[in-house]
Amino acid sequence: MIVYTAPDLLVLDEPSTHLDIDTITALIRALRHYTGAIILVSHDRHLVRCVIEGAPILQYSGDGDGGDELEDDTSDEEDGGQSKREPGKVYMVGPKGRVKLLENGVDGYTESMEKKLKKLKIL
């Protein structure tokens, strides 16, 4: 126990709740540079895509005309890509607390939900 070093681990439950878009972007950048393990529980698909799957950060370009558009923001590559890590795994907690690995990540989840909604004639 004297020489054992505990692993670095962050457990985050809905960290983007009540945050504005700029603060969420800063959180994504900080978590991307974190070198330890991350367990992230979130309904925010963009946050999960960016932090866990390594997707580009999308930012709103509010130019004042009321037509906010999403832009791909790659400006967080200041360290020459040194902080790049392998994409993580995305899991879903389903009925009765069953945990399921989502092979295609957040996009696979979105597609499966769209199929279910179409079946129910909601979409």
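The values are calculated or read from the model by the stated rules, or taken from the named source; none is laboratory data. Bear in mind the structure is a predicted one, so any value in this text is a computation, not a measurement. Cβ atoms come from the backbone with ideal geometry, glycine included; neighbour counts cover every protein chain shown.
Results, tabulated for the structure shown:
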item	result
Filter result for TYR4 (outside the structural domain of ASP107 (by TED's automatic domain parsing) and over 19 Å from PRO87 (Cβ atoms))	yes
Residues satisfying the stated conditions in the range 26-60, i.e. of a type in the set (Ser, Thr, Tyr) and within 11 Å of the chain's Cα centre (by Cα)	SER42
